[in-house]
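Let me begin by presenting the structure, written as structure tokens, before commenting on it.
The values are calculated or read from the model by the stated rules, or taken from the named source; none is laboratory data. All of these numbers come straight from a predicted model, not from anything done at the bench. Here Cβ is always computed from backbone atoms with ideal geometry, including for glycine, and neighbour counts include all displayed protein chains. With ligands, DNA and RNA removed, areas are computed over all heavy atoms of the protein, side chains included. Shrake-Rupley method; radii C 1.70, N 1.55, O 1.52, S 1.80 Å.
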Amino acid sequence: MKLRKMVTLLLMIVLVGSLFTACSKTDKDTAKTENTEKTDSKKAETSETKNQTSDGQSIRVFQLKVEIDEQLKEYAKVYEQKTGVHVDIESIGGGADVQGALKGYLQADNMPDIFVFEGPGHYAVWKDYMADLTEEPWVKETASAYIGDGGKVYGFPYAVEGYGLAYNKNILDKAGIDPATLTTIEAYKTAFEKLDSMKEELGIDSVVSMGVSASGGLTWVSGSHNFGVYLSTGLKNGDTTIIDKLLAGEVDTDRLKQYAEYVKLLFDYSDQNILVTGNYDQQVQAFIDQKAAFVHQGNWIDPNLPAEPGFEMGFAPHAFSKEVTDGVQVGAPSWWAVYKDGNVEGAKDFLEAFALSDEGRDARINKMSLISPYSSDTLKPSTPLSANIQSWVAAGKTFDWEQFKMPDGFGQDTLGPIFELLAQGSINTDEFVQLVTDAVAGIPAK
């Protein structure tokens, strides 16, 4: 690439990143607006108000899954009726600046009693503020607790989640495509070409529904979850080869080139309006309306689906290589920590009940459609995508989530704009590979 062109592209990335770092996902616009206002007002709260929310009779929970906000608030009411303890739920999700809001609370001496963090990058920021949860009764029933310094438990897992490329089986059946065959990039190319040639017959607008724009709050999809495909697909659980190289500032160039071709394939067959300007709601709605055969999201969209969607669905692997890929990404999406200077005992009691009580199980699994990380749970989610992920887990066909091991903000703020440039046609796959390589090279200095 010519030097002038490279400089121009890098300037574009910086500009995009600076403009949209704080852009947020619009999966629940009303809830997001309310919570943004709540965040601003909380920062201005007096210490008297703070004491009212951590006085032993109430606790505050700050979490990022907006899609379960309503159900979590309903469970909080059930918990209050049973214990007399009021639980205030604050949800800020998707591409919103969750960490920025939390840091604002800390500066205002207004930390919630329970707060969310995502992986090692965030743990490093907050570990000095976390209570030790090692002796809590739920710890012995899960392999998904977050283990921090000294082998102690600092993170409460509320769920495991999974993602592949979600498909509408009815549409694939009409096109004569068996989703079980979608295990290589060549199989995807053939299937996408066929579906694209039958769009009118199938009643679809595009083969894939995917969004990557910063303005739409979807860089968390591309720079985090999609890039997670590069980090772990095809590797045995526990194989950290690729993420270790990345943290050392290196990429596997051959693997990255294959991955880039897969990303371009998804982009080429996506609805271009949704891809470059759309938001979460538009992306998911196209799938719900059966206007796209695939949607690039995980089982977390189950709460957004109608009770009777009218078609079968499941996940196919993100098979970006010529080698057969038979598995999907599964892991804890984030963890809840207890603020060590807050209402620690009240927070611990709430987490124990959420994990081990009948009401907590019903809320997590039946109401929120979360896949349980606890061995004592016999309930299984009935919603279609969560049930499908459960089947992949039962078959032992899973790949680790490694994206949250990247430095804080690297996926969303650094890689996300590079994906957006590819989606816009501003760069090609070779340039995509070079820009990602250059970005990764700077990680050790962070």
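Let's see how each residue does on (1) at pLDDT 95 or above; (2) more than 19 Å from LEU218 (Cβ to Cβ):
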{"residue": "LEU247", "(1), (2)": "yes, yes"}
{"residue": "TYR259", "(1), (2)": "yes, no"}
{"residue": "LEU265", "(1), (2)": "yes, no"}
{"residue": "ASN273", "(1), (2)": "yes, no"}
{"residue": "ASP281", "(1), (2)": "no, no"}
{"residue": "ALA292", "(1), (2)": "yes, no"}
{"residue": "VAL295", "(1), (2)": "yes, no"}
{"residue": "HIS318", "(1), (2)": "yes, no"}
{"residue": "VAL330", "(1), (2)": "no, yes"}
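Mind counting the residues in the range 215-227 that are small (Gly, Ala, Ser), under 20 Å from VAL440 (Cα atoms) and in contact with a Ser or Thr (Cβ under 8 Å, 6 or more places away or on another chain)? Don't jump to the end; show me each part of the working.
The initial filter retains those residues of the range 215-227 that are small (Gly, Ala, Ser), namely 215-217, 222-224.
With the extra rule that they be under 20 Å from VAL440 (Cα atoms), the set shrinks to 222-224.
Checking the rest, the ones that are also in contact with a Ser or Thr (Cβ under 8 Å, 6 or more places away or on another chain) come to 223.
Of the residues in that region, 1 qualify.
Annotation note: Cβ proximity below 6 Å between a residue of the range 423-446 that is under 19 Å from LEU265 (Cβ atoms) and a residue that is hydrophobic (A, V, I, L, M, F, W, C) and not in a helix (DSSP H, G or I) (sequence gap 6+ or interchain) occurs for ALA423/VAL212.
In the range 306-322, the residues that are over 20 Å from GLU161 (Cβ atoms) reach residues that are modelled with pLDDT of 95 or more and of a type in the set (Asp, Glu) with C-beta atoms within less than 7 angstrom, at least six apart or across chains, in these pairs: LYS322/GLU186. Taken over the range 302-340, the criterion of being assigned to a loop (DSSP other than H, G, I, E, B), crowded, with 16+ Cβ neighbours inside 10 Å and of a type in the set (D, E, K, R) is satisfied by no residue.
The set of residues in the range 374-412 being touching a Gly at 6+ places or on another chain (Cβ under 8 Å) and charged (D, E, K, R) consists of LYS397, ASP400, GLU402, LYS405, ASP408. Close Cβ contacts (under 6 Å, 6 or more residues apart or on different chains) running from residues in the range 91-105 that are of a type in the set (Ser, Thr, Tyr) to residues that are at pLDDT 90 or above and assigned to a loop (DSSP other than H, G, I, E, B) comprise TYR105/MET111. Within the range 191-210, the set of residues being surrounded by 14 or more Cβ atoms within 10 Å (Cβ to Cβ) and free of Cβ contacts under 8 Å to residues at least 12 places away in the same chain comprises LYS199 only.
Only one residue in ASP438, ASP408 is of a type in the set (D, E, K, R) and outside any loop (DSSP other than H, G, I, E, B). Which one? Walk me through it before giving the result.
Details: ASP408 fails: outside any loop (DSSP other than H, G, I, E, B).
Result: ASP438 is the single residue among ASP438, ASP408 that is of a type in the set (D, E, K, R) and outside any loop (DSSP other than H, G, I, E, B).
Scanning the range 325-348 for residues that are within 13 Å of MET111 (Cβ to Cβ) and over 24 Å from the mean Cα position of the chain (by Cα) returns LYS340, ASP341, GLY342, ASN343, VAL344, ALA347.
Are any of the residues in the range 364-386 without any contact (Cβ under 8 Å) to a residue 60 or more places away in the chain, acidic (Asp, Glu), open to solvent by 10 Å² or more (accessible area, probe 1.4 Å) and in a helix (DSSP H, G or I)? Full working, then the answer.
Of the range 364-386, the ones without any contact (Cβ under 8 Å) to a residue 60 or more places away in the chain are 365-366, 377-380, 382.
Checking the rest, the ones that are also acidic (Asp, Glu) come to 377.
Narrowing the set further to residues that are open to solvent by 10 Å² or more (accessible area, probe 1.4 Å) leaves 377.
Narrowing further to those that are in a helix (DSSP H, G or I): none.
Looking for residues that are without any contact (Cβ under 8 Å) to a residue 60 or more places away in the chain, acidic (Asp, Glu), open to solvent by 10 Å² or more (accessible area, probe 1.4 Å) and in a helix (DSSP H, G or I), one finds none in the range 364-386, hence no.
Which of the residues belonging to the range 60-71 are in a helix (DSSP H, G or I) and closer than 17 Å to ALA332 by Cβ? Within the range 60-71, GLU67, ILE68 meet the criteria. Among the residues making up the range 212-231, those that are open to solvent by less than 10 Å² (accessible area, probe 1.4 Å), under 14 Å from the mean Cα position of the chain (by Cα) and not β-branched (Val, Ile, Thr) are GLY217, LEU218, SER222, GLY223, ASN226, PHE227, GLY228.
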